[in-house]
Amino acid sequence: MFERGKFNSLTSLTTNNALFYYSLGFPAYALARIFANAFYAFQDTKTPAKMVMMTMIRYVILYNLLMRPMGRRVCFCNSCGILL
């Protein structure tokens with residue numbers, strides 16, 4: 001449907017794969033946002049900050065571990081980082 005110009009079947013398949021791997025982490029991302037807002041409502045800003053720092057550390061570790069074997073699938077690392 002959108003394959004025209006510089007967007008051919010290979011780029012369409014690549015986009016499909018990226019969106020699939022990002023979709024794995026969407027429910028966890030939504031829950032993290034809901035819990036962060038709940039903590040903010042209770043005037044607790046330290047817990048969401050700690051959660052974000054832990055998630056960023058997991059991202060860095062997963063990026064370094066999975067970058068070469070997964071063929072630079074950053075979206076998969078992103079989904080795994082938020083799920084853990």
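From the helices alone, meaning DSSP H stretches of at least four residues, give me the mean residue ellipticity at 222 nm for the chain, per-run term -39500 (n - 2.57), in deg cm²/dmol to the nearest 500.
Dividing the helical sum by the residues of the chain leaves -26500 deg cm²/dmol.
Mind running the shape call on the range 1-63? Use the C-alpha gyration tensor, a ≥ b ≥ c as the square roots of the eigenvalues: rounded below 1.5 for a/c, prolate if a/b tops b/c, oblate otherwise.
It comes out prolate by the Cα gyration axes.
Kindly report the accessible area of the chain per residue (heavy atoms of protein chains, probe 1.4 Å, no ligands, DNA or RNA), in Å².
Heavy-atom SASA per residue in the chain reads 80 Å².
So what are the ³J(HN,Hα) numbers for the range 50-57, from phi and the Karplus equation (6.51, -1.76, 1.60; θ = phi - 60°), rounded to whole Hz, Gly and Pro as x?
5, 5, 5, 5, 5, 5, 5, 5
Suppose every Lys and Arg Cβ carries +1 and every Asp and Glu Cβ carries -1, with no other charges. What dipole size does the chain come out with about its Cα centre, to the nearest 20 debye?
Using only the charged Cβ atoms, the result is roughly 220 debye.
Rank 67, 9, 21 by how far each Cα sits towards the positive end of the charge dipole of the chain (+1 on Lys, Arg Cβ; -1 on Asp, Glu Cβ) and give me just the farthest.
Toward the positive end, the furthest listed residue is 67.
Working with all protein chains in place, sort 24, 83 by solvent-accessible area computed with a 1.4 Å probe, largest first.
83, 24
The values are calculated or read from the model by the stated rules, or taken from the named source; none is laboratory data. Being a predicted model, the structure only gives us computed values, none of them experimental. Every residue, glycine as well, gets a Cβ built from its backbone with ideal geometry; the counts of neighbours run over all protein chains shown. Side chains included, ligands, DNA and RNA excluded: accessible areas come from the protein's heavy atoms. Shrake-Rupley method; radii C 1.70, N 1.55, O 1.52, S 1.80 Å.
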